[in-house]
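Working notes for the structure below.
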Amino acid sequence: MLLTDACIDRDQANLDRIRAGAQRLLGQVSAILANGDKVSQIDGRLRSLVDTAHWALERSLPTDFTAGLDHTSHAFRMLGVISIRPGESNQELSALLKLHESEISRAGRRLIYVGLAQKRKFGRINRWEITPRGTEVLSRQQSTPPVGEVFAKLFDALLGRRFVDSQFSEEDLIRLTNISAAAMRPAVQRLVDMGYLERETRGTTAPGRQALRVNQRRGCAVGVSVLRHEVRAVLTDAHAHQVDTKLRPLPTVGTTTRVDEIAVVGAIGEMVDEWRREFQILGVGAEIAGHVDEHGTVRLSPPLRWRDVFLRTLLEERLGGLPVVVENDANVLAIYEHRFGEAGGRMRSFAVVMITPRGEGIGSGLILNGELYRGNEGGAGEIGHYTVRPTGGRKCRCGRNGCLEAETGVESMVAKVRRATGKRGLTLKDITDLATADEATAVNAIEYAGTMMGRGISFLMNTLDLEGVLLSGPPEICSTGQDRTRSSKVFLDSICNEAQSRLYPTLRGAVSMEKIIEMMPFKDLDRERGAASVLLDAITGHQAARQETSRSILTEFTGHPA
C-alpha cells in the first residue's frame, strides 16, 4: 500500500526509501534463514517489491501511468468495467472492451502490480475484481469531467437513434461516451430518480440484470413553425416523436403587410403554457423562413416581412426563462435528419435542400463532418439566392433577378403555366395533373424547374464535396417509390441530368446521380418536429452558439449547475 501511494503521488523520496528498506530486509532474511518453502515465499515477495519500486523509479512514472490510468488506456477502461461488473473473465472482458485477451492480461498485470485489481481462479478461468484501493484510486485519481460535461455527453448518447425505444446498459453508455464508471453512475442515477431513465429487467440475453430505457414522456420538447397566417406547434418526446399538436391563427394580414411578432409570441406562449401543466418541457425550438443568427435574432424573413426581430429574447421573456432556440427552416430539417433520420446514420456530410410547399422559397441546411454548418453569421445555405440565370431571369423577392428560388419555386412553375394557358387560380396539384395528362406546357415548366435546381445542387456539390443531397418538397414533385408521380420523375431526371453535366469530373464517381440526389416528400409537421429536434440537439452543446442554451437546459433539468 505504501508503494501504491508513493507511485500515485509521484513521491520519489518514499519510493527510494521503500526500495532501500526492502533490499535491507531481503539481505537480513537471506542471512538469517536457510532454505524453506515459507522463506522462499517471503524472498519472492520481497524481490517483487524491490523490482516494482525500481521499475517505478526508473520509469519516473506520472500519477496516471502508474496503472495506465489515463482515460484512453486499456488498464483504465478495464478498471472501469470491473468496478461495475466484477467477476468477468479475460474472454468476457475481451468482448466487452474489444481487445485481444493478451492485452487484457497485460492490463490486468499492471492493475495487480499496484493493488488496484485482483484475480480469482475458478477452475481454469480467471475472474477479475476491483480492490477497495482500486475503487478509491478510480474515484480520486481519474480526471473526472465537470458535471455539466458529463450530462451533455450523456444526453448526446441518449438522444441518438441507437437508444430509440430500446434497452441498454450503463456499460453501453460508458463505452459510447468514454465517461468513467465513477462519473457515469451518479449521473445515470440522477436521471433515473427524475424519471427520465427507467430501470427494467433485461430479456433472456442477460437474465437477472437490470437494463435502462429512456422514458419518452419525460423531458419533452416543443417545436414551433411560424407562418404568415398561423403558428403551428408540436410536443415531442425525447426522440422527436409526436405527442400532441396545437395551432393558433394569427391576425389576417395582406401579402405585403408585416406579421405582428407580438401576436406570434403570444400565440406560442399560450400553447406552451397549456402543455406545461401536464408535461415536463425542456424548452422550445422555433423555425423561421429566412436568415436567423446564432443569438436567435431574425435578421431577415421575406415571408414574414421581418427584419432584426429579437424573437428568442421575446419568447424567453414570455415563457419565464424557459430555454428557446430559433433556427432557419432548412437547418431544422438538416438537424433532424442528422440526429434522428436515416441519412444521418450513413452520411456525415450532406445537404437538405427544401422547396417550401406554399411557395415561400428554397433553402438548404448543411451538415459537414457531422455538424451543422451555419457560417459566420448564421446565413450559410441560402442556396435559393444563388444566381442560376444571370440574364433574363425572373424578379426575386430579394430584389435581384435569376435566383434559384425565383426560377424553381412553386410560384415560378405556377406563373409559367398560367402565362402559357391563360388559366387562373392554378395550384401545383393542377400543374402536375396536367403533366400526367401530357400537357406540354406543364411538362416543360417542371423540366425547367428541375434543370435550374440541378444547377444549384451542382454548385453545392462542387463547392462542398458532399456525400449526398436530400431534396425535400411537395409530394407532387418529390414523391418516391411506388407513390412516385410522373411529375416527380420528370423533375428528378431533369435535376440529375443537369447536375451530372456540371459536376467536376472526379466528383462524379461511379454512383448514379439518382443515388446521390434523393427525394424526401414533405410531410405534415416535418418543420415542427425539426424545430423540436434543434432544441434537443442544443442540449448536447455541440454548436458553439448553443453552449449557453445547453447549460441552461441541463441546469434546469438536472438540478446541477452546468
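The radius of gyration of the Cα set in the stretch 66-141, together with its Dmax, comes out at 11.0, 34 angstrom. Taking 8 Å as the Cα distance limit and 6 or more residues as the minimum spacing, I'd like the relative contact order of the stretch 381-421 as a percentage. Relative contact order for the stretch 381-421 comes out at 31 percent. All Cα-Cα distances of the stretch 226-329, cut into 10 Å bins from zero to the largest, leave 15, 49, 31, 5 percent in each bin in turn.
What FRET efficiency, computed as 1/(1 + (r/R0)^6) with R0 = 35 Å and r the Cβ-Cβ distance, is obtained for residue 242 and residue 373, rounded to the nearest 0.05? The value I calculate is 0.80. Here residue 246 is the anchor, and the aspartates and glutamates within straight C-alpha reach of less than 18 Å, apart from those fewer than 8 places off in the same chain, are 230, 237, 270, 273, 274, 278, 287, 524, 526, 528.
Using Cβ point charges alone (K and R +1, D and E -1), the dipole size of the stretch 66-141 about the Cα centre works out to roughly 220 debye. Label-to-label distance, residue 400 versus residue 500, with points set 7 angstrom from Cα along the beta-carbon direction: 3.0 nm. Each Cα pair under 8 Å and six or more residues apart adds its separation to the average, and for the stretch 264-326 the resulting relative contact order is 35 percent. When the charge dipole of the stretch 211-262 is built from unit charges on Cβ atoms (+1 for Lys and Arg, -1 for Asp and Glu) and taken about the Cα centre, the candidate among 235, 223, 212 whose Cα reaches farthest toward its positive end is 212. The number of Lys pairs in the stretch 334-521 with C-alpha atoms less than 20 Å apart, excluding pairs fewer than 8 positions apart on the same chain, is 5. With q set to 0.17, 0.18 Å⁻¹, the log10 of I(q)/I(0) for the stretch 334-521, from the Debye formula over equal scatterers at the Cα positions, is -1.10, -1.23.
Where a number appears in this text, it was derived from the coordinates with a stated rule and is not lab data. Note that the structure is predicted; figures quoted are calculated from it, not measured. Backbone-built Cβ (ideal geometry, glycine too); neighbour counts: all protein chains shown.
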